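The values are calculated or read from the model by the stated rules, or taken from the named source; none is laboratory data. Everything numeric in this text was worked out from a predicted model, so none of it was measured. In this analysis, Cβ positions are derived from the backbone assuming ideal geometry, glycine residues included, and neighbour counts consider all displayed protein chains.
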Amino acid sequence: MDKVQDTIDLLRVYNQEHIINLLEKLDEDKKQELIEQISKIDFHQLKELYDSTKKEIVIKENKIEPLPYMDKKKLSEEQREEFQKLGEEVLRKGEYAVVTMAGGQGTRLGHSGPKGTFKLDVYGKGKYLFEILAENLKEANQKYEKVIPWYIMTSKENNEETIQFMEKNNYFGYDKDSVRFFAQSELPLLDINGKLLVGKDMKIKEASDGNGGTYSSLRASGALAEMKEKGIKWVFIGGVDNALLKMADTILLGMAIKKKVQIASKSIVKANAHERVGVFGKMNGHPKVIEYTELPEKMAEEVDEDGELKYGEAHIMCNLYTIEAIEKISKETLIYHSAFKKNSYIDEEGKEVIPTEPNSYKFESFIFDAFELFDDIAILRGKREDDFAPVKNKDGEDSPKTAKELYEKYWNRNS
Ligand code: UTP
């Protein structure tokens, strides 16, 4: 079998002649590397993804209903104690693991390294986002006398740098043997005509396939099997960029146990009816994070008898799952969403092109698209000022400046 000819035929079928030209120009080693990369690409899937960018989005008639939630501050003393006790038990038995999603590109923040290596200018000296997360977990470890296994999802691009950073900083005092890194899966980028982009390394340019890739990457990396071996029953999955993220909230955990659900999530109430965030609801009978574009304006404004927004619970990437739920989702293919972004590439003359306008499609799945695989989910409303200090943009809203203020205010109140 002629591998080179097979690869050329494949590329021709999928209209990627520019890659055939590239193959012909490369030396033997580079050629083999590229052929190896091509053999791992699902061209059929890519074509479907590209075709989907050309289809008009048809908003289907969906049945949208509110999803019940519990408000943490309105729990009775008994409820609070019961939840706490149930949650604590799991932590004390060492049946709890945490996953940090740190595979994003952080393009809006514009920090040159992995997002977790960004230093938030708090209390003079500053703290790295990874340091803030480590502190949150260490506090739980001390309280419940068990070390929580900490899984950090990176991207192929930032994996090395993330590990080196954690090594250099001595894991911020976390037990090194309890930290495991795993890189998430990737998908190639496509230009406006569906052609593959070429990177500086003369390979096809790929990028991480969204935070929904967490589930399948947990499985493929062996992390899921390891968790099962350790007897883990509950897995928390959160982002890297919320300086007030509580990764071991026993009330959230206890509530999930009490309600016998497979997934639980902490929300915060929308700042106003028209805030552009996804909110929890039921769509066609299943739990879902409903994008603001999918929620009719009238519904967004609806309030209940207490004057609370019926669709007011915003998703903040603070999610908890049974190990069975992770196992189930990791076998499913989540839908991909396309984003039109700026990505540099090497043109046919071998010159690097750095676009000033978006030029290519990136395909991403979202962590919350898995919720609809379940009949139910338990939602706990937290508090914006206690639970949410996102670092997303360079300036303005959800920036290092706002996160610093929120973080310092929180710790001034709570220490
Ligand atoms: P965002 O969707 O905010 O993306 O990620 P981002 O990469 O941090 O920032 P932008 O959009 O490029 O500016 C939310 C969380 O999901 C993780 C991020 O690291 C962050 O914790 N994520 C996102 C991944 O782990 N992998 C991905 O492919 C995308």
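Of note:
- Residue count for region 228-275, restricted to those that are more than 24 Å from residue 132 (Cβ to Cβ) and part of a loop (DSSP other than H, G, I, E, B): 12.
- Among the residues making up region 121-130, those that are away from the ligand (no atom under 12 Å from the Cβ) and either surrounded by 21 or more Cβ atoms within 10 Å (Cβ to Cβ) or among the hydroxyl-bearing types (Ser, Thr, Tyr) (or both) are 123, 128.
- Test result for residue 399, of a type in the set (S, T, N, Q) and touching an Asp or Glu at 6+ places or on another chain (Cβ under 7 Å): no
- Failed item in (1) under 20 Å from residue 186 (Cα atoms); (2) modelled with pLDDT under 95; (3) not aromatic (Phe, Trp, Tyr), with residue 57 passing the rest: (1)
- Boolean, residue 130 is at pLDDT 95 or above and under 25 Å from residue 380 (Cβ atoms): no
- Selection of first residues in region 1-21 that are farther than 22 Å from residue 50 by Cα and of second residues that are part of a helix (DSSP H, G or I), restricted to Cβ pairs under 7 Å at least 6 apart or on distinct chains, gives the following pairs, ordered by first then second residue: 3/35; 4/35.
- Residue 297 being more than 15 Å from the ligand (Cβ to nearest atom), of a type in the set (Asp, Glu) and out of contact with any Lys or Arg (no Cβ under 8 Å at 6 or more places or on another chain): yes
- Of all the listed residues (235, 277), the sole one being within 17 Å of residue 291 (Cβ to Cβ) and within 16 Å of the ligand (Cβ to nearest atom) is 277.
- Scanning region 341-398 for residues that are closer than 23 Å to residue 53 by Cα, surrounded by fewer than 15 Cβ atoms within 10 Å (Cβ to Cβ) and in contact with a Gly (Cβ under 9 Å, 6 or more places away or on another chain) gives a single hit, 344.
- Of the criteria (1) over 23 Å from residue 67 (Cα atoms); (2) within 16 Å of the ligand (Cβ to nearest atom); (3) outside any loop (DSSP other than H, G, I, E, B), which one residue 225 fails: (2)
- Matching residues, region 338-353, being on the phi < 0 side of the Ramachandran plot and among the small types (Gly, Ala, Ser): 338, 339, 344
- Among the residues making up region 202-222, those that are part of a strand (DSSP E or B) and either over 27 Å from residue 359 (Cβ atoms) or more than 8 Å from the ligand (Cβ to nearest atom) (or both) are 204, 206.
- Answer residue from region 145-180, given it is within 12 Å of the ligand (Cβ to nearest atom) and assigned to a strand (DSSP E or B) and is nearest to residue 233 (Cα to Cα) among those: 151
- Residue count, region 341-390 (criterion: assigned to a helix (DSSP H, G or I), over 25 Å from residue 185 (Cα atoms) and within 16 Å of the ligand (Cβ to nearest atom)): 1
- Which numbered condition residue 61 misses (of (1) more than 16 Å from the ligand (Cβ to nearest atom); (2) charged (D, E, K, R); (3) in contact (Cβ under 8 Å) with a residue 24 or more places away in the chain): (3)
- Residue match in region 117-124 (condition: free of Cβ contacts under 8 Å to residues at least 24 places away in the same chain and over 24 Å from the mean Cα position of the chain (by Cα)): yes
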